[in-house]
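Heads up, the thing below is written out as structure tokens.
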Amino acid sequence: MRSQIAACRLATRRLEELFDKFGSDTIHGALDQVFDESETKCRNVVSGIPDGVYEAESFHKDDGIDIGNPVRVHAKVTVKGSEMEIDLSGCSGARKAAVNSRTYAGARVAYKALTAPVEPVNEGSFRALNVIIPEGNIMMAEYPAPMCMWSMVVPTVVDTIIKAPAPGMKDNVPAGKFRGGFGMETKVRNFVEGNRICEPPKRGEVCPAWGLWDGNAGHVGEYRMRKPGEDDHTLVETPAISSRRTPKCWSAPAAAGATRWTGT
């Protein structure tokens, strides 16, 4: 915490130095130009997507508490000219489990990944984006809905939004990933890792935790495995493989669906 505060104070001093050196008009003019350029880059990408309404959905088997009641993630992406609207109204309502969140982050992360994934982010990046998330949605939960395990659902929201406009972006949309690693599944239930369900393995045996992800037209998705019983964050990278699984494990469909690049 102290290091974060120190970083903020240093940034304040550096910004004051810039204003003293160049003046307020120059600094604000430069910021406006940076924001305008970011907006233009994002708009140019969206303009290349055919106008229309694109939809996709995903499901988590359940939230770890309401067993057997799937958590629905639905994204409706509307493209008109250079503007995009992401509507998450179709997502599940707030849950009793601590998988809720209250954020536009999922929509913004997905939009940024689609339009300018390697560019610095700033407010100009999202000027052409409109996000709709109604109150009471799992992504816009109201107090006192628990939220400490929000990271179970948000990554799936990102994958689902990215999946939606895939028909209009052809080879530019990467494959989705398997959910796992630190979600509610690994905390509440024994080796239920999103879309990969494993029988309790013996210590030292390898159980897939992430699966194939991020495949695209020029790159086979990476594949990772974990040794259960070890640190949850200890991952062993292995070469990309097909749909073979270790004897202790079997696969269910990826959260955001199979793609031509993963084959799973």
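What to note about this one:
- Pairwise label distance in nanometres, LEU15 with ASP36, each label 7 Å out on the Cα-Cβ vector: 2.2 nm
- With 0.36 nm allotted per residue and the present C-alpha distance subtracted, the VAL118-GLU85 stretch has 9.7 nm of extension available.
- Cα shape, the stretch 17-106, gyration tensor, a/c 1.5 rule: oblate
- Measuring against 18 Å, Cα to Cα, the residue pairs LYS112/LYS163; LYS61/LYS96; LYS41/LYS76 contain LYS41/LYS76 as the ones spanning a longer distance.
Read-outs throughout are calculated quantities, based only on the coordinates presented, and are distinct from any laboratory measurement. Note that this is a predicted model, so its numbers are computed, not measured. Because the Cβ atoms are built from the backbone with ideal geometry, glycine has one as well, and the counts that use them run over all protein chains shown.
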